[in-house]
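**Student:** Let me give you the structure first, and then I'll get to my questions.
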Amino acid sequence: MTLHFNSHKNRLFIIILLVFFCTGCPSYENTPNPQAEFGADSDYFMGLRFLQEGKEKQARLKFTNCLKKGTYYCAKRSGEELLKSGTMAEKDKACNLLLSRFNDEETILEVCRYYSTCYKYTQVIDLTTNIDYQKADNELCRLRLLSLKAQNSAHYMQDVFNWFIFRPISTEHLQFFTDDFKLPEDIKEYTIKQFLIAFRMDVYGQNYSLACEKAKTVFDLFEKENVEPYEQIVSDIGKSFLYGSSKNINNAANFIKYAKTYKGKPAEFYFWFYSGRFYDKEQKSYFSQAISSYESAIECTNQPKQKDNALWYLLQARINQSYSSTIKELKKYAEKWNDPTYFDDLFESLIPSILASGDFDCFKNLYYQIKDYASKETVSKISYIYARLIQENFISVKDKSEIEQAFITSLNNAVNPYYKILSAYRLKYNDEQMKEVLLKFPGSEPPQVNQDAETLLRGYIAFGFPDYVYPEWKKLYKTGISPETSMEISAFLKSIGKTDSQYLPLSLRVAAYTVDYCTKPLSIDNLKLLYPENFENLVEKMSKKYDIESSIIYALIRTESYFDPMAESVAGAMGLTQLMQMTAQDIAAKFKKTDFIITDPETNIEFGTYYLTQLISRCNDSTILAFFSYNSGITRVRKWQQSTNVSTSRPGNVPQDLFLESIPYSETRGYGRKLVSGSLYYEWIYNYQNIERKPRSFAQIIETFLH
């Protein structure tokens, strides 16, 4: 989608950016007056500015005016601000104003939060009288229960039970259970409701041994106390026995008995499903029983998600038994699934297994079985690999036109930029055709534009509130924010990021989401938001110092940290290039640096650039092998190479793109695709499109990554 701002907005936007560049976050006195454009809504933004200046009285006046006259979201946010300051009488008045104009769950939650802080429990109870504990916001449910408890309501225990039994357990449940729900010290004194709630919390806390013992009592409650086998309870029973008991065959038989007992009830699905899981744990010995149980689970439910879940495990069990025979019959299963994307991970793990085995004809069967049923992402991936296997003579076909057709199928279904670029390259697209491919993203149709939501977001830009715009966009983008407005937000955050780097990853996140809803080609400016050259001076400096294309370093940083200098992984990798402390220390020792800060952008970019160039050198100048090594370590990559060479009987001669697909780690495969496609996009956007730096065709640039 080629996105252009209208002339009025464009002029306004440019002026605002100039102010930001020169002074940082401006005060409204220095900003062109946007009140004419925003009308009554401007009172909300002026109120925020007054708050920043400590002028609470003036702010409240502005918020009150906007609450009465503003558009939906500006008025709501004004009312919410009124609940944060002022006297209790003023806040009560604001509550009444809010509720008189809005009666949605979000507003009720905001008002209930306020009422809870000042112990107005009756008002909370009245506002939540018709609450649906299966669907309502969990925080709202918790606030209601706390109010019922404070009022010693006779409805309290039943409401607690409804909330805990009829939906998945959440952190709000845990907070309530830990801080506010009191159980007798002796478990023998538990009521049935208390016992079932405590059982669910044991499962949620993964205390499976204890939960398994309690599950036996739950079965007694089903039989002796006529307790209803609620779906969530039965699901938790299944988990407790699956992870807390080794008696798989006995458990399976018991669950089948209950499946037959409760035939036609919602819980029947879980009894059949978990009997299949128990048999599955015994692997090949009870394979047929596992398949039978999964099939019974599929047949007894009309819920699409449950069907897909059982079918996924059925297919996984069959693949573990014999993936070749499963693939031959895959079409009959594919015709049954509801959400093809649910099975993407199954194929993502299946592909390396087939390639590692060297059974390439099996891959041909896979291609023909699922090309009309799998998700676009899976079809694109399998089609590309199938065509490449034919090209490299791993698969023989009578009609070589199959190669071109498979690449076309891959390109037409490409969700991942990696397969989009490589399929076009394999089809020998010229530079003009390649440009069309690179500018197009296979987004779905965006929802209908929510004008009131867009007014709120554009107001944050016009009045200069970067801290507000991203959290609000994150809340509202699913309500109907146009690609144009989202890209405008991304550009705004990127401009602020020039002086405050915390906004750079936020800008990129907005742009990355937006392309999922762009059905028309993007502009180059849009692509620059999606693939930004943040920290440009540092990256260019280090790429020249270590003789490596800057596009590769930008792609590395984008993939590793989304340009967040303070990013830290679960494993402890830190900074823009996500270096482990030990790796950074080794590099510092080589540089004779005794003191360094790993999150300092210049230090981190230099260390990461140096480390990657060393890996490229150790990988025989292969950039893509260095990418894999950066993610998983060079020793692993060399072992994978040896294994692939054996399975293909081509020592040292496996094409890099096929080697990528054979890597046993899903994370490393995905990492490689991101870095290759990211590097190529950066090269195309900033270098290839620059006439002064156009040294070769884009096809030649792609070839360097596949060499």
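**Student:** Can you tell me how many residues in segment 381-414 are hydroxyl-bearing (Ser, Thr, Tyr), open to solvent by less than 70 Å² (accessible area, probe 1.4 Å) and farther than 14 Å from Asp657 by Cα? Outline the logic, then answer.
**Tutor:** Looking only at segment 381-414, we keep the residues that are hydroxyl-bearing (Ser, Thr, Tyr), and these are 383-384, 386, 396, 401, 409-410.
Now restrict to residues that are open to solvent by less than 70 Å² (accessible area, probe 1.4 Å): 383-384, 386, 401, 409-410.
Checking the rest, the ones that are also farther than 14 Å from Asp657 by Cα come to 401, 409-410.
Going through segment 381-414 one residue at a time, the tally reaches 3.
**Student:** Next question. For Val437, are the conditions met, namely being open to solvent by 10 Å² or more (accessible area, probe 1.4 Å) and touching a Pro at 6+ places or on another chain (Cβ under 7 Å)? Walk me through how you get there before you give the answer.
**Tutor:** Numbers: open to solvent by 10 Å² or more (accessible area, probe 1.4 Å): yes; touching a Pro at 6+ places or on another chain (Cβ under 7 Å): no.
Answer is no for this residue.
**Student:** Checking the structure you have, find out if any residue of segment 241-253 is in a helix (DSSP H, G or I), farther than 30 Å from Thr171 by Cβ, open to solvent by 60 Å² or more (accessible area, probe 1.4 Å) and without any contact (Cβ under 8 Å) to a residue 60 or more places away in the chain.
**Tutor:** Among the residues of segment 241-253, at least one is in a helix (DSSP H, G or I), farther than 30 Å from Thr171 by Cβ, open to solvent by 60 Å² or more (accessible area, probe 1.4 Å) and without any contact (Cβ under 8 Å) to a residue 60 or more places away in the chain, which makes the answer yes.
**Student:** Pick out the one residue from Ala36, Ala75 that is over 24 Å from Asp500 (Cβ atoms), modelled with pLDDT under 95 and not in a loop (DSSP other than H, G, I, E, B). Lay out the reasoning, then the answer.
**Tutor:** Details: Ala75 fails: modelled with pLDDT under 95.
Selected residue: Ala36, the only one of Ala36, Ala75 that is over 24 Å from Asp500 (Cβ atoms), modelled with pLDDT under 95 and not in a loop (DSSP other than H, G, I, E, B).
Residues checked against (1) over 20 Å from Gly244 (Cβ atoms); (2) open to solvent by 50 Å² or more (accessible area, probe 1.4 Å); (3) of a type in the set (Val, Ile, Thr):
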site	(1), (2), (3)
Ile125	yes, no, yes
Arg142	yes, no, no
Gln158	yes, yes, no
Glu185	yes, yes, no
Phe195	no, no, no
Gly205	no, yes, no
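**Student:** Pick from segment 442-475 the residues that are out of contact with any helix residue (DSSP H, G or I) (no Cβ under 8 Å at 6 or more places or on another chain) and polar (S, T, N, Q): which of them is surrounded by the fewest Cβ atoms within 10 Å (Cβ to Cβ)?
**Tutor:** Among residues in segment 442-475 that are out of contact with any helix residue (DSSP H, G or I) (no Cβ under 8 Å at 6 or more places or on another chain) and polar (S, T, N, Q), the one surrounded by the fewest Cβ atoms within 10 Å (Cβ to Cβ) is Gln448.
**Student:** Which residues, counting only those in segment 213-266, are within 22 Å of Ile298 (Cα to Cα) and of a type in the set (A, V, I, L, M)?
**Tutor:** Within segment 213-266, Ile233, Val234, Ile237, Leu242, Ile249, Ala252, Ala253, Ile256, Ala259 meet the criteria.
**Student:** Across segment 203-255, what is the number of residues that are over 19 Å from Trp272 (Cα atoms) and among the basic types (Lys, Arg)?
**Tutor:** Residues flagged as over 19 Å from Trp272 (Cα atoms) and among the basic types (Lys, Arg) within segment 203-255 amount to 2.
**Student:** If you don't mind, another one. Select from segment 577-624 the residues that are out of contact with any Leu (no Cβ under 9 Å at 6 or more places or on another chain), farther than 17 Å from Val539 by Cα and hydroxyl-bearing (Ser, Thr, Tyr) and write down the one among them that is least open to solvent (accessible area, probe 1.4 Å).
**Tutor:** Out of the qualifying residues, it is Ser622.
**Student:** To continue, here is another question. Of the residues Asp308, Asp280, which single one is surrounded by fewer than 21 Cβ atoms within 10 Å (Cβ to Cβ) and of a type in the set (Asp, Glu)? Lay out the reasoning, then the answer.
**Tutor:** Working: Asp280 fails: surrounded by fewer than 21 Cβ atoms within 10 Å (Cβ to Cβ).
Just a single option satisfies the conditions, and that option is Asp308.
**Student:** With (1) touching a residue at least 24 places away in the same chain (Cβ under 8 Å); (2) of a type in the set (Ser, Thr, Tyr); (3) open to solvent by 70 Å² or more (accessible area, probe 1.4 Å) as the list, and Thr178 as the residue in question, which single condition is left unmet?
**Tutor:** Every condition holds for Thr178 apart from (1).
**Student:** Would you mind finding the one in Glu484, Glu533 that is part of a helix (DSSP H, G or I), acidic (Asp, Glu) and in contact (Cβ under 8 Å) with a residue 60 or more places away in the chain?
**Tutor:** On the way: Glu533 fails: part of a helix (DSSP H, G or I).
Just a single option satisfies the conditions, and that option is Glu484.
**Student:** In segment 328-372, what residues are polar (S, T, N, Q) and either more than 27 Å from the chain's Cα centre (by Cα) or within 21 Å of Gln656 (Cα to Cα) (or both)? Even if it seems obvious, please write down each step before you answer.
**Tutor:** At the first step, the residues of segment 328-372 found to be polar (S, T, N, Q) are 338, 341, 349, 353, 357, 365, 369.
Across segment 328-372, the qualifying residues are Ser349, Ser353, Ser357, Asn365, Gln369.
**Student:** Return the residue satisfying two criteria in turn: it lies in segment 325-342 and is in a helix (DSSP H, G or I), under 19 Å from Thr301 (Cα atoms) and not charged (D, E, K, R), and of such residues it is most open to solvent (accessible area, probe 1.4 Å).
**Tutor:** The first filter runs over segment 325-342 and keeps only residues in a helix (DSSP H, G or I), leaving 325-328, 330-334, 340-342.
From what's left, under 19 Å from Thr301 (Cα atoms): 332-334, 340, 342.
After this cut, where a residue has to be not charged (D, E, K, R) as well, the list is 333-334, 340, 342.
Working: Tyr333: 13, Ala334: 2, Pro340: 39, Tyr342: 90 Å².
Only one residue tops the list, namely Tyr342.
Yes/no per residue for (1) modelled with pLDDT under 95; (2) of a type in the set (Lys, Arg); (3) over 24 Å from the mean Cα position of the chain (by Cα); (4) under 20 Å from Ile496 (Cα atoms):
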| position | (1), (2), (3), (4) |
| --- | --- |
| Val510 | no, no, no, yes |
| Glu533 | no, no, no, yes |
| Glu540 | no, no, yes, no |
| Tyr562 | no, no, no, yes |
| Ala567 | no, no, no, yes |
| Ala571 | yes, no, no, no |
| Leu579 | no, no, no, no |
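**Student:** Here's a follow-up. Looking only at residues in segment 277-292 that are more than 18 Å from Cys212 (Cα to Cα) and in contact with a helix residue (DSSP H, G or I) (Cβ under 7 Å, 6 or more places away or on another chain), which one is modelled with the lowest pLDDT? Before you say what the answer is, go through the steps one by one.
**Tutor:** We begin by selecting, within segment 277-292, every residue more than 18 Å from Cys212 (Cα to Cα); these are 280, 282-292.
Going one step further and asking which of them are in contact with a helix residue (DSSP H, G or I) (Cβ under 7 Å, 6 or more places away or on another chain), we end up with 280, 282, 284, 286-287, 289-291.
Working: Asp280: 95, Glu282: 92, Lys284: 81, Tyr286: 95, Phe287: 95, Gln289: 97, Ala290: 97, Ile291: 97.
That would be Lys284.
**Student:** Whether any residue in segment 220-239 is among the acidic types (Asp, Glu), buried (at least 16 other Cβ atoms within 10 Å of the Cβ) and in contact (Cβ under 8 Å) with a residue 12 or more places away in the chain is what I want to check. Don't jump to the end; show me each part of the working.
**Tutor:** Quick first cut of segment 220-239, residues among the acidic types (Asp, Glu) only: 220, 223, 225, 228, 231, 236.
Okay, now just the ones that are also buried (at least 16 other Cβ atoms within 10 Å of the Cβ), so 231, 236.
Then keep just the ones that are in contact (Cβ under 8 Å) with a residue 12 or more places away in the chain; that gives 231, 236.
The answer is yes; a qualifying residue exists.
**Student:** Name the pairs: first residue in segment 88-111 and open to solvent by 80 Å² or more (accessible area, probe 1.4 Å), second residue assigned to a loop (DSSP other than H, G, I, E, B), Cβ to Cβ under 7 Å, at least 6 apart or on different chains?
**Tutor:** Matching pairs, first to second residue: Met88/Cys118; Glu105/Ala136; Glu105/Asp137.
**Student:** Here is a follow-up. Residue under question is Lys520, and the condition is that it be more than 25 Å from the chain's Cα centre (by Cα), farther than 27 Å from Asp467 by Cα and either buried (at least 23 other Cβ atoms within 10 Å of the Cβ) or modelled with pLDDT under 95 (or both); does it hold?
**Tutor:** On the way: more than 25 Å from the chain's Cα centre (by Cα): no; farther than 27 Å from Asp467 by Cα: yes; either buried (at least 23 other Cβ atoms within 10 Å of the Cβ) or modelled with pLDDT under 95 (or both): yes.
Answer is no for this residue.
**Student:** Given the options Glu172, Glu189, Glu231, name the one that is of a type outside the set (A, V, I, L, M, F, W, C) and touching a helix residue (DSSP H, G or I) at 6+ places or on another chain (Cβ under 6 Å).
**Tutor:** On the way: Glu189 fails: touching a helix residue (DSSP H, G or I) at 6+ places or on another chain (Cβ under 6 Å); Glu231 fails: touching a helix residue (DSSP H, G or I) at 6+ places or on another chain (Cβ under 6 Å).
When all the criteria are applied, what remains is Glu172.
The values are calculated or read from the model by the stated rules, or taken from the named source; none is laboratory data. Here the structure is a predicted model, which means the values were calculated and not measured. Positions of Cβ are generated from backbone atoms using ideal geometry, with glycine treated the same way; all protein chains shown enter the neighbour counts. Please note that ligands, DNA and RNA were not included when accessible areas were found on the heavy atoms of the full protein model with its side chains. Shrake-Rupley method; radii C 1.70, N 1.55, O 1.52, S 1.80 Å.
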